[in-house]
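A quick write-up on the structure given underneath.
The values are calculated or read from the model by the stated rules, or taken from the named source; none is laboratory data. These figures come from a predicted structure and were not determined experimentally. Cβ placement follows ideal geometry from the backbone for every residue including glycine, while neighbour counts extend to all protein chains displayed. When the accessible area is computed, the model is the full protein with side chains, heavy atoms only, and any ligands, DNA or RNA have been set aside. Shrake-Rupley method; radii C 1.70, N 1.55, O 1.52, S 1.80 Å.
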Amino acid sequence: MGVKGLQYFIDRCCPEACVTVNLREMARQQQASTTAPHTSNPTLVVDGMACLRHWYSCKDWACGGQWREYLDILKRWVEAFTSAGIRLVFFFDGVVEEQKRQEWVKRRRRVNGEISKIFRHIKEHGDQPGRELFCLPSGLATFTPFALRSLGQEVFCSVREADYEIASYARQHGSVGILGEDSDFIIYDSAPYLSVAKLRINSLTTVMYDRQRLCQTIGLAVTQLPLLACLLGNDVVSEEKMRDVRNNAMAAYRKNSPAPHYGAPQGQVVLAVSQLVSSLWSTEDEETELVPQSLNLSAPRRELLKKGVCLYTLPGQKRPELCEISSLPSAFEKYVSPEILKACREKHAAAEGFMVYTVLCVGVTECSNTLEDEEDTELVPQALVYKPCRQLIYGLLLLLGHSGRIVDPPAIREWFVFPRNPLKEPDIVHPLPVSLPCDQPSLDLLWFSTGPDVAALRLTAFLTIFGCPEFSELHGVIEDSLLAALCLVTYLVLQVQTLSLEDVDSYLSQAVCLRLKSSQELQQIELPLFSSRAVQLGSLYVRGLSHLLGANCASGCPLPSAALMPWHSFDGRLFHSKYLLAHSGTEKTELLDHDSSILSLFLQLREKLTETCNKRGRVLQSRPNAPQSRPKTTTQSGYRDRHSGWAPSGGTCWREREETTGGHWRGRGRRGREEETEARREYENTDGPWARGGHREGGRHFHSFYPDDHDRGNQNTRRPPKPRGRAYNNRGKYQLAPRWPQPPAPGT
């Protein structure tokens, strides 16, 4: 949650409570003091959400994330502790509790303002902003738990307030400390609170905020800290609710302390409220009360304070009956079996699932900020792009086996952040039924049954959610991560009508090239400039991976979760470089790193995608949209003209070329044409790279593709030619964008 002003007070006004400690030595001392045999290593509980900004130190953050480099950073971070004999246990937020919703909304709106500044910078300067505008890549909180699990770490996802679960676990297991950046951890009577912001990973030293020394300084007992926190303001009891109490406390403090030692206003407020709290309990009877009667408050505000204080009371600590927290029933328990509810709770808590728990057990789902340009009306916000597939996910979870018999169909409350969404209330979204080839199988069958027929049904359910059930024939033929990428890009093409052939080439080329590149090679990619549109498309793809993950969990996991992780199918810098090349009309051989085998695989995937889209009436068009390095101001061209890559008033493309059928460009050179023709021949030949015993469709073989030798070629550092007629920074006042059209459901 976080207590308003307390962290500042401790850091600036209470130096005696800030103690530099060596975590290796703390662990050694705890190990020495334990007499029980075969005791496990000392445990450090880590607040994963607080660490994300410290973990993600990659050069690129605006392009969508350098996921392999990020995985390497996590690995080194974990190894620093395990080599010191410290066991790590990670916790991540699994739900947003309703009493915190308004604070969550307030923060999301603030971040939206920062994202607007990021896009203004990119469009005005053509590069990534500095760290002063740093924003975490979309999906980082979603995929980091899976990354840590892949490194063999113990990871938990909270089913209620994460701070509470962290403090509870640390107290129950006698942990050496809680590593985080949240002043609530000094309020909980739990393990020592250790600062991740001040952590020096090489020496494993940091600052411990000493709870007892703080209490000595402000004249309170540890049991009085929860009331202090609520009067100062936190995510449950807002600052505004108790402002008059603090004002009265400040007046009394200044009257009794004409020359206070702590001159800063923040320091004075903490001391003033501390003096008020220490004066409230005058009798033994009042000591058992959460909020003493001497604090004259209205009944609603008193109840709010009681609720806030209760949230700091951990299991095993003395508490009145009103603080006992009972487990709430599932929001949709009448639609699913007890076994399904039990399984989704267990998977959620173990950070093995995504989306399913909050839908079935809470009836709510949310998505935080995404790097989206609110001034760009050509690209639909990701929340709306993926809404049709979410409706099918909800249908799979809630309607499977109940079609035609539901009198009161369930609805999910969605809190999704996107431009111009005021977040005043949730969007009420109803499930859509998933059309499967058999007669309404139950969710229990999908989740718990075995056998090849059920496995095939799981895969069909998963692919149907994204409108491409025919891709089931590719399962086991191409790598699972490529199948997931193909499924996702196909869905995007069906949903986003403004995606072009160049956009598809960008997505697919980076997916097939990524498999052959090391983390170091990806870091060395140089980008001559940044495209605001490519930034959005990168974030759109990563958000799509999280929807793949949710659909996979709902379908009974037909694909391994590892195949849906971004480090297997996406790198921000690689995608951005491919985008710049594809939109500048680069030959396919260069786009595919001059590797004929990769080019062949790319062409196979693209042809499968275009065939599927053509069946649904979606024909891809070539529409080059290369950004220019130095945007020019114009007051005449409209918004669409300035962002489309086309000249104003219906003129020709920024780079005049003749287009041939299929979107290939003439004049790309004889060698390029020959290499591409040869790759197509190899693809269409039944003895080509996929012709290794397998599946046939329409007289063409589809088989596993594992080239023996990989030529990684040169880095994609070619600077695209300067275009004409495009300018970004026509600032001034913008009118509200029109309401986004509702995308069609997959397959319609």
Exercise. When region 575-611 is examined, which residues are found to be more than 29 Å from the chain's Cα centre (by Cα) and closer than 27 Å to GLY467 by Cα?
Worked result: ILE598, LEU599, SER600, LEU601, LEU603, GLN604, GLU607, LYS608, THR610, GLU611
Exercise. Got a number for residues in region 51-92 being β-branched (Val, Ile, Thr) and within 21 Å of GLY572 (Cα to Cα)?
Worked result: 1
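Taking the stated definitions as given, is GLU25 in a helix (DSSP H, G or I), among the charged types (D, E, K, R), open to solvent by 50 Å² or more (accessible area, probe 1.4 Å) and free of Cβ contacts under 8 Å to residues at least 24 places away in the same chain?
On the way: in a helix (DSSP H, G or I): yes; among the charged types (D, E, K, R): yes; open to solvent by 50 Å² or more (accessible area, probe 1.4 Å): yes; free of Cβ contacts under 8 Å to residues at least 24 places away in the same chain: yes.
When the stated conditions are applied, GLU25 passes them.
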Problem set entry | Hits in region 540-584 (condition: among the polar types (S, T, N, Q) and surrounded by fewer than 24 Cβ atoms within 10 Å (Cβ to Cβ)) | SER546, SER561, SER584
For this session: List the number of the failed condition for GLY267; all other conditions in (1) open to solvent by less than 50 Å² (accessible area, probe 1.4 Å); (2) within 20 Å of GLN317 (Cβ to Cβ); (3) at pLDDT below 90; (4) of a type outside the set (A, V, I, L, M) hold.
Result: (2)
Seminar exercise, completed: Here the residues within region 379-399 that are open to solvent by 20 Å² or more (accessible area, probe 1.4 Å) and more than 19 Å from the chain's Cα centre (by Cα) are GLN391, LEU399
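Looking at region 143-163, which of the residues that are open to solvent by less than 20 Å² (accessible area, probe 1.4 Å) and among the hydroxyl-bearing types (Ser, Thr, Tyr) is farthest from ALA84 (Cα to Cα)?
Ranking the qualifying residues of region 143-163, first place goes to SER158.
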Problem set entry | Among the residues listed as GLN495, GLN524, GLN520, the single one being closer than 24 Å to ALA582 by Cα and free of Cβ contacts under 8 Å to residues at least 24 places away in the same chain | GLN520
Seminar exercise, completed: In the set GLN29, GLN102, GLN7, GLN66, the lone residue that is within 20 Å of VAL417 (Cβ to Cβ) and of a type in the set (S, T, N, Q) is GLN102
Exercise. Among (1) over 16 Å from GLU502 (Cβ atoms); (2) among the small types (Gly, Ala, Ser); (3) more than 15 Å from the chain's Cα centre (by Cα), which single condition is SER531 missing?
Worked result: (1)
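Here are some residues: GLY219, GLY233. Which one is closer than 20 Å to SER278 by Cα, of a type in the set (Gly, Ala, Ser) and in contact with an Asp or Glu (Cβ under 7 Å, 6 or more places away or on another chain)? If you could, list the steps in order and put the result at the bottom.
On the way: GLY219 fails: in contact with an Asp or Glu (Cβ under 7 Å, 6 or more places away or on another chain).
Going through GLY219, GLY233 in turn, the sole match is GLY233.
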Exercise. When only residues in region 417-451 that are hydroxyl-bearing (Ser, Thr, Tyr) and open to solvent by less than 80 Å² (accessible area, probe 1.4 Å) count, which is modelled with the highest pLDDT?
Worked result: SER449
Exercise. If you check GLU414 against the conditions, is it open to solvent by 30 Å² or more (accessible area, probe 1.4 Å), under 28 Å from LEU136 (Cα atoms) and at pLDDT 90 or above?
Worked result: no
Exercise. Of the residues GLY65, GLY48, which single one is touching a Cys at 6+ places or on another chain (Cβ under 8 Å) and modelled with pLDDT of 95 or more?
Worked result: GLY65
Seminar exercise, completed: Reported set for region 585-598 where residues are open to solvent by less than 10 Å² (accessible area, probe 1.4 Å), under 14 Å from VAL504 (Cα atoms) and outside any loop (DSSP other than H, G, I, E, B) is LEU591
Problem set entry | Looking only at region 465-481, and only at residues there that are open to solvent by 10 Å² or more (accessible area, probe 1.4 Å) and in contact with a helix residue (DSSP H, G or I) (Cβ under 7 Å, 6 or more places away or on another chain), the one that is nearest to VAL512 (Cα to Cα) | SER481
Exercise. Counting only residues that are among the aromatic types (Phe, Trp, Tyr) and assigned to a loop (DSSP other than H, G, I, E, B), how many does region 553-574 have?
Worked result: 1
For this session: Mind listing just one residue for me: the one in region 315-346 that is at pLDDT 85 or above, crowded, with 17+ Cβ neighbours inside 10 Å and assigned to a loop (DSSP other than H, G, I, E, B) and, of those, nearest to the chain's Cα centre (by Cα)?
Result: PHE332
Exercise. In region 117-142, which residues are among the polar types (S, T, N, Q) and either surrounded by fewer than 18 Cβ atoms within 10 Å (Cβ to Cβ) or in contact with a helix residue (DSSP H, G or I) (Cβ under 6 Å, 6 or more places away or on another chain) (or both)?
Worked result: SER138, THR142
Problem set entry | When residues of region 62-98 are limited to those that are of a type outside the set (A, V, I, L, M), open to solvent by 20 Å² or more (accessible area, probe 1.4 Å) and touching a helix residue (DSSP H, G or I) at 6+ places or on another chain (Cβ under 7 Å), the one farthest from HIS348 (Cα to Cα) | GLY85
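Answer yes if at least one residue in region 567-579 is on the phi > 0 side of the Ramachandran plot and out of contact with any Cys (no Cβ under 9 Å at 6 or more places or on another chain), and no otherwise.
Looking through region 567-579, none of the residues is on the phi > 0 side of the Ramachandran plot and out of contact with any Cys (no Cβ under 9 Å at 6 or more places or on another chain).
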Exercise. Which strands (runs of 3 or more DSSP E) does region 68-186 wholly contain that include 1 or more residues that are acidic (Asp, Glu)?
Worked result: 154-157
Seminar exercise, completed: In region 374-399, residues that are in contact with a Ser or Thr (Cβ under 6 Å, 6 or more places away or on another chain) and not charged (D, E, K, R) total 1
Seminar exercise, completed: Picking from SER203, SER238, the residue that is touching a residue at least 24 places away in the same chain (Cβ under 8 Å), of a type in the set (S, T, N, Q) and surrounded by fewer than 14 Cβ atoms within 10 Å (Cβ to Cβ) would be SER203
